Amino acid sequence: MATERNLIITLCTGNICRSPMAEKLLQHALAAEDSPLKDLKVVSAGVAANVGDPASANSVKALQRVGLDLSQHKSQPLTQELLERAFAVFGMTHTHLDILHTYFPEAPERAHLFREFIDSDAYREIPDPYGQNLRAYNESLDSMLEAIPSLVAYLRHELQKARQEKA
C-alpha cells in the first residue's frame, strides 16, 4: 500500500535555526486553513543535522516575537522515511535542494525554495543566521513570513491538482 504523502518538510543545514522557524510558521498558517490544507503535517529537518539538538536560542527568541514557541524543538536529519511521506519539501537555499536531489534521487517532485513563489524580484534564498545576533534571526524570520502566503497558495493549488488526478 502506498504511503500517504501528507508531510511538508522545511529543510536547512543543521535543523536548529531556519527550518525549525519555517516549520512553526507554516504549521501556524496551515492550521488556520480548511481541510485538506490544515490536515498537512509540517516537520523540519537538516541535510547535516544531528539528532536531538535544541533550536538555537536566537531562533526561539525570534519566534517568540510572533507568538510561536520553538523551545521544545529537537533537530533531525533528513531521511528516506521522511521523504517517503513528503508531499512537498521547501529548502532555504539552492544548496539544500541540490543536496536533497544528490542523496535522495527519489525525492518528491515538489521540492522548492521556501521563497520560490513570492511574486516579486525578491531574493529567493534565506541566508543562514547561525552564530549571528538576534537581528540576523529576525531578518530570516521576516523573509519567511513574507513567503507564507505564497506557500499556502501553492500548496492549495497542488492539493487540488493531486485530488483531480486521483479522481
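The values are calculated or read from the model by the stated rules, or taken from the named source; none is laboratory data. Small disclaimer: the values here were computed from a predicted structure and weren't measured. Using ideal geometry, Cβ is built from the backbone for each residue, glycine included, and neighbour counts are taken over all protein chains shown.
Some notes on this structure:
- Meets criteria (outside any helix (DSSP H, G or I), surrounded by 13 or more Cβ atoms within 10 Å (Cβ to Cβ), in contact (Cβ under 8 Å) with a residue 60 or more places away in the chain and of a type in the set (A, V, I, L, M, F, W, C)) for Ala88: yes
- Scanning the stretch 86-114 for residues that are modelled with pLDDT of 95 or more and within 13 Å of Leu7 (Cα to Cα) turns up Ala86, Phe87, Ala88, Val89, Phe90, Arg110, Ala111.
- Test: residue in the stretch 16-28 that is at pLDDT 95 or above, surrounded by fewer than 15 Cβ atoms within 10 Å (Cβ to Cβ) and either closer than 17 Å to Ile126 by Cα or not β-branched (Val, Ile, Thr) (or both): no
- When the test is whether a residue is assigned to a helix (DSSP H, G or I) and either closer than 18 Å to Leu37 by Cβ or among the basic types (Lys, Arg) (or both), Val152 passes it.
- Members of the stretch 25-71 found to be in contact (Cβ under 8 Å) with a residue 24 or more places away in the chain, assigned to a loop (DSSP other than H, G, I, E, B) and among the aliphatic types (A, V, I, L, M), listed by number: Leu40, Val47, Ala48, Ala49, Val51, Ala55, Val66, Leu68, Leu70
- Among the residues making up the stretch 94-115, those that are closer than 18 Å to Pro20 by Cα and either under 11 Å from the mean Cα position of the chain (by Cα) or among the charged types (D, E, K, R) (or both) are Ala111, His112, Leu113, Phe114, Arg115.
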